[in-house]
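A.B. asks: Quick one: the structure is below, and I'll ask about it shortly.
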Amino acid sequence: MTERGLNFIGGAWVPAASGATFERRNPADVDDLVGVFPDSSAADMAAAVAGVAEGCAEWARTTPERRADVLEGAADLLAARAADLTVELVREEGKTLAEASVETGRTPRNLRYFAQLGLGLTGTTYPAAAGGGLVFTAQDPVGVVGAITPWNFPLNIPSRKLGPALATGNGVVFKPSPVTPLLAQRLVEALLEAGLPGGALALVQGGAEPGAALAGDPRAGAITFTGSVPAGHAVHAATGPIRRCQLEMGGKNPVIVAEDADLDVAVGVIAKGAFGLTGQACTGTSRVIVPDALHDALVERLVAAAESRKIGDGRDPGIDMGPLAADFQLEKVLSYVRIGQEEGARLVTGGRRLTGDGRERGFFVEPAVFTECAPDMRLVREEIFGPVLVVQRAGSFEEAAALAHDTPYGLSAGLVTRDLDHALAFARTARAGVVKVNQPTTGMGMTVPFGGLGASGSQTYKEQGGGQLLPFYVQEKSVYVSPHG
Ligand code: NAD
């Protein structure tokens, strides 16, 4: 079935004002047209922001309980539809069924969690200077929050932005990735069906033009962005110095394998982080740093792990690696495979486009492993966002730690070891927002703070996790009250 998608602007489902549309096709089979969606302009975005700027006051006046009910109601709808959403997610983005079902399971839980966090929002009271008076802090919504999101978790990431924004009484203008418009629409449909007033939310489909218009619109008091470093920098520049801006961006995440590590554990941790989600996770493992003594044995096992992947259309339950999400992803991965070879790294397996069995109609690639990688290579320093693993040698644990930090990024970093001293030293010194010991660099807890260091994030507000998350979505006000007369 082909979806005929619309924007949701000013409380109504509408096409782009120009009538322009774009197509989204299944990345496993480009003959399969998933949907046709509005190719929105800056003018569409201006109308969306105007609508939410006007409509959000009604939502701000609702009780926290009412807001929680709407989020819980949307969670119930999404949970009831999880099986269908899982298939749509596979078809639109290319995940495997198992990967997609993790996301469709997590999204309702996120909304429920934020519903409860919103209920727990409190202020503080202070001793009053004047007799009988009261001083307290109030947590008001910011007003209009702009949410700009990537395609690799098209339900999970938006739910972590829309959930807290709505729970705290904000209106939201949601600009999803043009790679995953259908799942974005499904999230908005569930929220509206659960009783969210139409004035509190807008959905604007399309690419960088409406995204830039949202970031640059002064009526949006806060912009929460997840995506690449270049787009994040553009968003940051557009929001300027006054408005709130939260950026979560890319990574080049290392795993150090210590000399004492069990190689089976190491390969399990690395392969899941590197090849899971077809390497398209911001926290995916892209570098392995290993001592000379373990190098050859580890590489041999990594090659076996890469070559054992069953690659195909994720709708087939026997598949454990789906396609890349889009043609530009395939081009990027293949270009880095070429770059790595030109730079002198040794490609030990993979890196070719896969065809045959109908796979020529999709964006399938063999997972790649490179060895003999020097720290200054682009292959080692730049985010590829695909299943390409580079292996670096280190003479000592200290050298390995130094190599791990030797990129501008700082999202997730891993260590495989049995040595508690190494684990604690790495946890203390790693320049990464997330440190994993004996676990894949991917996979984060819903209630745990999450945000990148270095070039990976703005570091102004954590994206996820309890008390650290809500302050982005509220403005605190100090109120002084005295009795009259
Ligand atoms: P992208 O930067 O191309 O797009 C992200 C969003 O920004 C999309 O909605 C896009 O339309 C919009 N956009 C693009 N240019 C813009 C501009 N100039 N102004 C405003 N909006 C603009 O990223 P992507 O390809 O969708 O996603 C992959 C990237 O996201 C990777 O770099 C990945 O590491 C990162 N990512 C980070 C996290 C995290 O939590 N740190 C999570 C997931 C993905």
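The values are calculated or read from the model by the stated rules, or taken from the named source; none is laboratory data. It should be emphasised that the depicted structure is a prediction, and the values quoted were computed from it without experimental measurement. All Cβ positions, even for glycine, are placed from backbone atoms using ideal geometry, and neighbour counts span all protein chains on display.
A.B. asks: All but one of (1) within 16 Å of the ligand (Cβ to nearest atom); (2) assigned to a strand (DSSP E or B) hold for C282; state the number of the condition that does not hold.
C.D. replies: Condition not satisfied by C282: (2).
A.B. asks: Here's a follow-up. Since V144 meets every condition but one in (1) under 14 Å from G169 (Cβ atoms); (2) over 22 Å from the mean Cα position of the chain (by Cα); (3) in contact (Cβ under 8 Å) with a residue 60 or more places away in the chain, which condition does it not meet?
C.D. replies: In the conditions (1) under 14 Å from G169 (Cβ atoms); (2) over 22 Å from the mean Cα position of the chain (by Cα); (3) in contact (Cβ under 8 Å) with a residue 60 or more places away in the chain, V144 misses (2) alone.
A.B. asks: Right, next: How many residues are touching a Cys at 6+ places or on another chain (Cβ under 9 Å) and assigned to a loop (DSSP other than H, G, I, E, B) if we restrict to segment 242-268? Spell out how you get there, then give the answer.
C.D. replies: Taking segment 242-268 as the starting set, the residues that turn out to be touching a Cys at 6+ places or on another chain (Cβ under 9 Å) are 248-251, 253.
This time we only want the ones that are assigned to a loop (DSSP other than H, G, I, E, B), so: 249-251.
Going through segment 242-268 one residue at a time, the tally reaches 3.
A.B. asks: Answer yes or no as to whether A115 is farther than 29 Å from R24 by Cβ, part of a helix (DSSP H, G or I) and either out of contact with any helix residue (DSSP H, G or I) (no Cβ under 8 Å at 6 or more places or on another chain) or aliphatic (A, V, I, L, M) (or both).
C.D. replies: Working: farther than 29 Å from R24 by Cβ: yes; part of a helix (DSSP H, G or I): yes; either out of contact with any helix residue (DSSP H, G or I) (no Cβ under 8 Å at 6 or more places or on another chain) or aliphatic (A, V, I, L, M) (or both): yes.
When the stated conditions are applied, A115 passes them.
A.B. asks: On to the next question. Among (1) under 24 Å from V474 (Cβ atoms); (2) among the hydrophobic types (A, V, I, L, M, F, W, C); (3) over 21 Å from the mean Cα position of the chain (by Cα), where does A266 come up short?
C.D. replies: (1)
A.B. asks: Continuing with the same structure: Only one residue in A374, A368 is among the aliphatic types (A, V, I, L, M) and within 17 Å of I270 (Cβ to Cβ). Which one?
C.D. replies: Exactly one of A374, A368 is among the aliphatic types (A, V, I, L, M) and within 17 Å of I270 (Cβ to Cβ), namely A368.
A.B. asks: Now a separate question. Go through the residues of segment 334-341 one by one and say whether even a single one is free of Cβ contacts under 8 Å to residues at least 40 places away in the same chain and either farther than 17 Å from C373 by Cβ or crowded, with 19+ Cβ neighbours inside 10 Å (or both).
C.D. replies: Yes, because at least one residue in segment 334-341 is free of Cβ contacts under 8 Å to residues at least 40 places away in the same chain and either farther than 17 Å from C373 by Cβ or crowded, with 19+ Cβ neighbours inside 10 Å (or both).
A.B. asks: Where in segment 358-440 are there strands (runs of 3 or more DSSP E), lying wholly inside it, with at least 1 residues that are more than 23 Å from the chain's Cα centre (by Cα)? I'd like the intermediate steps shown before the answer.
C.D. replies: Working: elements: 368-371, 388-394, 412-416, 434-437.
The strands (runs of 3 or more DSSP E) meeting that bar are 368-371, 388-394, 412-416.
A.B. asks: Within segment 124-138, how many residues turn out to be in a loop (DSSP other than H, G, I, E, B) and either surrounded by fewer than 14 Cβ atoms within 10 Å (Cβ to Cβ) or not assigned by TED's automatic domain parsing to the domain that holds F472 (or both)?
C.D. replies: So the count comes out to 7.
A.B. asks: Would you confirm, using the coordinates I've provided, whether V102 is within 15 Å of the ligand (Cβ to nearest atom) and in contact (Cβ under 8 Å) with a residue 24 or more places away in the chain? Full working, then the answer.
C.D. replies: Values: within 15 Å of the ligand (Cβ to nearest atom): yes; in contact (Cβ under 8 Å) with a residue 24 or more places away in the chain: no.
Judged against the criteria, V102 is not a match.
A.B. asks: So, one more: If we keep just the residues of segment 216-256 that are among the aliphatic types (A, V, I, L, M) and more than 10 Å from the ligand (Cβ to nearest atom), which is nearest to V388 (Cα to Cα)?
C.D. replies: Taking the candidates together, the pick is V255.
A.B. asks: Moving to a separate point now. I'd like to know if segment 426-436 contains one or more residues that are crowded, with 16+ Cβ neighbours inside 10 Å, in contact with a helix residue (DSSP H, G or I) (Cβ under 6 Å, 6 or more places away or on another chain) and at pLDDT 95 or above.
C.D. replies: yes
A.B. asks: Moving on. Please count how many residues of segment 306-329 are outside any loop (DSSP other than H, G, I, E, B) and surrounded by 16 or more Cβ atoms within 10 Å (Cβ to Cβ).
C.D. replies: 4
A.B. asks: Being of a type in the set (K, R) and modelled with pLDDT of 75 or more is the filter here, so list the residues in segment 452-485 that pass it.
C.D. replies: K477
A.B. asks: Look through L411, L424, L420, L415 and report the one residue that is under 19 Å from T283 (Cα atoms) and away from the ligand (no atom under 16 Å from the Cβ).
C.D. replies: L415
A.B. asks: Taking the conditions exactly as written (assigned to a loop (DSSP other than H, G, I, E, B), surrounded by 24 or more Cβ atoms within 10 Å (Cβ to Cβ), within 8 Å of the ligand (Cβ to nearest atom) and of a type outside the set (S, T, Y)), does F153 satisfy them or not?
C.D. replies: For F153, the condition - assigned to a loop (DSSP other than H, G, I, E, B), surrounded by 24 or more Cβ atoms within 10 Å (Cβ to Cβ), within 8 Å of the ligand (Cβ to nearest atom) and of a type outside the set (S, T, Y) - is met.
A.B. asks: Taking segment 401-424 on its own, how many of its residues are without any contact (Cβ under 8 Å) to a residue 24 or more places away in the chain and over 14 Å from V255 (Cβ atoms)?
C.D. replies: 4
A.B. asks: In segment 335-350, how many residues are outside any loop (DSSP other than H, G, I, E, B), of a type outside the set (S, T, Y) and farther than 13 Å from P367 by Cβ?
C.D. replies: 7
A.B. asks: Regarding D316, is this residue under 30 Å from T429 (Cα atoms) and more than 24 Å from the chain's Cα centre (by Cα)? It would help to see each step written out before you state the result.
C.D. replies: Values: under 30 Å from T429 (Cα atoms): no; more than 24 Å from the chain's Cα centre (by Cα): yes.
When the stated conditions are applied, D316 does not pass them.
A.B. asks: Additional query: I'd like to check something: does segment 216-227 contain any residue that is buried (at least 24 other Cβ atoms within 10 Å of the Cβ) and under 19 Å from A17 (Cα atoms)?
C.D. replies: Scanning segment 216-227, I find no residue that is buried (at least 24 other Cβ atoms within 10 Å of the Cβ) and under 19 Å from A17 (Cα atoms), so the answer is no.
A.B. asks: Which of (1) under 25 Å from G451 (Cβ atoms); (2) surrounded by fewer than 18 Cβ atoms within 10 Å (Cβ to Cβ) is the odd one out, the single condition G195 does not satisfy?
C.D. replies: That leaves (1) as the condition not met.
For every residue, the table says whether it meets (1) among the β-branched types (V, I, T); (2) assigned by TED's automatic domain parsing to the domain that holds V391; (3) farther than 30 Å from G358 by Cα.
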| residue | (1), (2), (3) |
| --- | --- |
| T285 | yes, yes, no |
| D292 | no, yes, yes |
| L298 | no, yes, yes |
| S308 | no, yes, no |
| D313 | no, yes, no |
| G318 | no, yes, no |
| P323 | no, yes, no |
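A.B. asks: Any residue at all in segment 181-189 that's crowded, with 19+ Cβ neighbours inside 10 Å, within 11 Å of the ligand (Cβ to nearest atom) and not acidic (D, E)? Let's see the steps before the verdict.
C.D. replies: Taking segment 181-189 and keeping what is crowded, with 19+ Cβ neighbours inside 10 Å, we get 181-188.
Now narrow it down to the ones that are within 11 Å of the ligand (Cβ to nearest atom): 181, 184.
Filter once more, keeping what is not acidic (D, E): 181, 184.
The answer is yes; a qualifying residue exists.
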